[in-house]
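Structure first, then comments.
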Amino acid sequence: MTRALLVSLLCLLPPATLMAEDILPYSATEKTLDNGLKVIVVPTGFPNLVSLQIPVKTGSRNEIEEGKTGFAHFFEHMMFRGTEKYPPEEYQAILTRAGARSNAYTTDDYTNYHITFAKEDLEKMLEIEADRFQHLRYPVAAFRTEARAVLGEYNKNVANPIRKLFEVQRDAAYTTHTYKHTTMGFIADIEDMPNQFEYSKVFFDRFYRPEYTTVVVVGDVDPERTVAMVEKYWGDWKRGSYSAEIPAEPPPSGPTYTHHEWSTPTAPLLSVAFHGPAFSLTETDSAAMDLLLQLTFGQTSDLYRRLVQDEQKVDFLVPLNAEDEDPSLIDVLCRVKDPADVVAVRDAILAACAEARTAEVDAARLEEAKSFLRYSTAASLDSTEAIASTLARYVRFDRDYATVNRLFDLYARLTPADLLEAARTYFTDERLAVTTLAHGTLDPAIAAPPSLESMARSGAADDPGASRFLVKRSASPQIVMKLMFLSGSADDPDGKHGLAELSAKMITGAGSDVLELAEIQKLLYPIAGGFGHQVDREMTVFTGAIHKDNLDRFAS
């Protein structure tokens with residue numbers, strides 16, 4: 001078979017066939033211990049190094065009691081406070097002698113503890129981690145010291161405009177669900193945290209249990225020996241009985257708008273978000289939204305090229321899909337260089353959303369997006385630690401190694417119709433939540449976004465050169481034509497106010513290169529044709545009216 005023939009045959013294969021190989025092509029050993037702890041061991045072929053990742057299914061989502069937010073993140077700190085067997089100094093000394101790299105992070109849905117080290121230290125690392133998960137101890141003084149450290153971290157975070165915008169956005173967008181607060185928690189609760197010593201023990205006892213925990217061991221390991229070591233050190237951990245009742249968020253009733261005034265000069269931040277889907281491997285919505293956001297707002301999109309590269313109105317434009325366990329926000333975040341452009345940028349984003357609701361994406365572009373997502377992800381899995389951290393990010397849903405591979409299988413099966421359905425479901429006025437942050441106030445028009453239906457009807461799109469046509473039929477013989485341009489008096493340059501009106505008047509009330517004004521009026525007279533204009537702040541409309549019998553003469 002010639003290479004040319006082989007390439008031709010490959011081109012005939014459907015994308016799912018071309019992408020049949022798992023994104024994680026490793027053999028995993030999985031076992032659930034009698035106490036409910038899940039163990040996943042993955043030999044990678046990378047020599048000498050091992051990465052231990054321990055995702056616990058407790059995040060800010062689990063903080064359901066009023067006045068008690070921030071504790072999932074708090075224990076990310078407290079877990080380094082040591083035990084009776086391994087006080088913090090001894091724990092840290094072991095990591096230092098091993099040359100291990102250790103840290104942790106907290107999200108909406110889970111907290112992950114991770115260590116990377118040489119393979120000969122695997123048993124010791126499993127031992128000291130099992131000890132702190134089962135026997136964490138801390139006195140009141142240490143608790144209060146760490147609580148004050150958390151307050152300091154909060155103050156540092158909210159000094160970042162982007163973090164503050166997300167805090168404001170969450171608080172305004174949710175009424176009931178615990179996604180209303182970020183992983184840091186509400187400031188009043190953080191300030192009161194030093195007084196919550198007894199509650200901290202309750203929180204730890206509820207969630208730091210084997211049925212909520214996965215031990216992921218990746219790298220230069222022997223699966224059978226590794227599972228045996230986990231059983232040795234983690235097998236006596238007692239199963240819990242607590243299950244959090246997460247309050248469901250009612251259907252959104254937007255659109256909503258929230259503004260935060262920043263105390264010092266900063267370029268305005270704009271978030272155009274929608275209440276979106278939960279992560280799922282059985283429903284297509286979340287995976288479809290991943291690809292739709294990239295195609296509509298990613299670096300290869302028309303809107304990104306227009307706003308970032310050509311017009312340079314924004315200096316970054318980022319689409320975000322949280323992939324949370326419960327329905328969460330899908331977001332387009334950007335920083336606008338000139339406050340006067342915030343409304344126009346918002347409308348450009350909304351117009352792109354409206355456009356996504358009207359027609360299926362090009363099938364070839366969708367396949368390119370799938371290909372990029374697959375191969376860029378594969379390229380990032382270039383080390384033991386990268387593979388382990390990706391696993392931790394996804395196994396926390398169902399504690400299943402296959403989650404990542406199943407997700408990419410779902411991506412491969414998506415069709416343009418799936419993306420269109422997701423756009424029509426989630427890009428709606430009711431789901432819209434716009435948030436801004438700026439030094440001072442913004443144009444009042446930012447508080448009243450146009451409806452997505454009107455954006456689609458008017459033909460506003462992310463391509464400034466695009467044209468859209470809308471035809472309405474009636475029994476009347478009179479034909480009325482309107483040409484709308486998204487430019488008006490707001491675009492008048494400084495010192496040249498009235499330029500938009502003058503320009504429109506010159507088009508409707510002056511001659512052309514071919515005909516003088518008097519000649520045009522003479523031609524319009526017998527057919528009773530008319531042509532006028534109206535200039536508003538953000539648009540200019542030209543209107544022509546003619547009887548259907550004279551349409552050809554009028555159009556020429």
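A short reminder: the numbers here are calculations on the coordinates, not readings from a lab. Keep in mind that what you see is a predicted model, and the values were worked out from it rather than measured. Please note: Cβ atoms are built from the backbone with ideal geometry, for glycine as well, and neighbour counts cover all protein chains shown.
Please compute the modelled spin-label separation between Ile94 and Thr300, points set 7 Å along Cα→Cβ, answer in nm with one decimal.
4.8 nm
Once you have the Cα-Cα distance between Asn155 and Thr176, take 0.36 nm times their residue separation minus that, and quote the gain in nm to one decimal. Write down the numbers at each step before the final one.
Numbers: separation 21, 0.36 × 21 = 7.56 nm, distance 2.52 nm.
Length gained between Asn155 and Thr176: 5.0 nm.
Which of the peptides 85-93, 110-118, 444-452 is most tightly packed, and how do the rest follow, judged by the mean count of other Cβ atoms within 10 Å per residue? Walk me through the numbers on the way to the answer.
Working: 85-93: 13.9, 110-118: 21.4, 444-452: 16.6.
Result, highest mean Cβ count within 10 Å first: 110-118, 444-452, 85-93.
Straight distance only, please: which lysines reach the Cα of Lys68 with their own Cα at less than 28 Å, same-chain residues fewer than 8 apart left out?
Lys57, Lys156, Lys164, Lys180, Lys201, Lys238
Taking a label point 7 Å from the Cα of Gln309 along the Cα→Cβ vector, which residues of segment 362-386 have an amide N closer than 16 Å to it?
Flagged as within label range: 369.
Per residue of segment 485-496, what does 6.51 cos²θ - 1.76 cosθ + 1.60 with θ = phi - 60° give for ³J(HN,Hα)? Whole Hz please, x for Gly and Pro, Karplus curve as stated.
10, 7, 8, x, 5, 5, 8, 4, x, 4, x, 10
Report, by chain and number, residues whose modeled amide H sits under 5 Å from the one on Leu37, excluding near sequence neighbours (fewer than 5 apart, same chain).
Distant-sequence amide H within range of Leu37: zero hits.
Could you order the peptides 521-533, 392-404 from most to least packed, using the average number of other C-beta atoms within 10 Å per residue?
Working: 521-533: 13.5, 392-404: 19.8.
In descending order of packing, they fall as 392-404, 521-533.
With a ≥ b ≥ c taken as the square roots of the eigenvalues of the C-alpha gyration tensor of segment 60-120, please select rounded if a/c is under 1.5 and otherwise prolate if a/b is larger than b/c or oblate if it is not?
Details: a/c = 4.14, a/b = 1.94, b/c = 2.14.
Oblate shape, in that a/c is at least 1.5 and b/c is the bigger or equal ratio.
Using a ≥ b ≥ c from the Cα gyration tensor of segment 138-292 (square roots of the eigenvalues), is it rounded, prolate or oblate, where a/c under 1.5 gives rounded and otherwise the larger of a/b and b/c decides, a/b for prolate? Can you show the working numbers first?
Details: a/c = 1.97, a/b = 1.34, b/c = 1.47.
Cα axes put segment 138-292 in the oblate bin.
What Kirkwood Rh does the chain have if only Cα atoms enter the pairwise 1/r average? Answer in Å.
Details: mean 1/r = 0.0365 Å⁻¹.
It is 27.4 Å.
Give me the tail of P(r) for segment 237-334 as a percent: Cα-Cα pairs with distance above 22 Å. Write out the running numbers ahead of the final one.
Details: 2300 of 4753 pairs.
When all Cα pairs of segment 237-334 are counted, 48 percent exceed 22 Å.
Distance between Cα centroids, segment 494-551 to segment 79-146: provide it in whole Å.
If we compute the Cα centre of each part, the gap is 76 Å.
Show me 63-70, 217-224, 36-43, 197-204 ranked by packing, highest mean number of other Cβ atoms within 10 Å first. Provide the component values of the computation, followed by the final result.
Values: 63-70: 17.8, 217-224: 20.4, 36-43: 21.9, 197-204: 15.6.
Order by mean packing, descending: 36-43, 217-224, 63-70, 197-204.
Have a look at Ser286, Val168, Gln53 and report the one farthest towards the positive end of the charge dipole of the chain, computed about the Cα centre with Cβ charges (Lys/Arg +1, Asp/Glu -1).
Ser286
Rounded to the nearest 0.05, what FRET efficiency is calculated for Ser451 and Lys201 with R0 set to 45 Å and r the Cβ-Cβ distance?
Computed FRET efficiency for Ser451 and Lys201: 0.30.
Expressed in nm to one decimal, what extension gain is obtained for the pair Ile507 and Tyr105 from 0.36 nm per residue of sequence separation less their Cα-Cα distance?
On the way: separation 402, 0.36 × 402 = 144.72 nm, distance 6.13 nm.
Working it through step by step, the gained length comes to 138.6 nm.
In nm, to one decimal, how far is the modelled label at Asn550 from the one at His497, with both set 7 Å along Cα→Cβ?
Modelled inter-label distance: 3.9 nm.
What value, in deg cm²/dmol to 500, does the helix sum -39500 (n - 2.57) over DSSP H runs of n ≥ 4 give at 222 nm once divided by the residues of the chain? If you can, show how the numbers build up before the last one.
Numbers: 20 runs with 223 residues, N = 556.
Calculated mean residue ellipticity at 222 nm is -12000 deg cm²/dmol.
Amide H neighbours of Lys337 under 5 Å, counting only residues 5+ apart in sequence or on other chains, H built in-plane at 1.01 Å?
The answer is Val314, Asp315.
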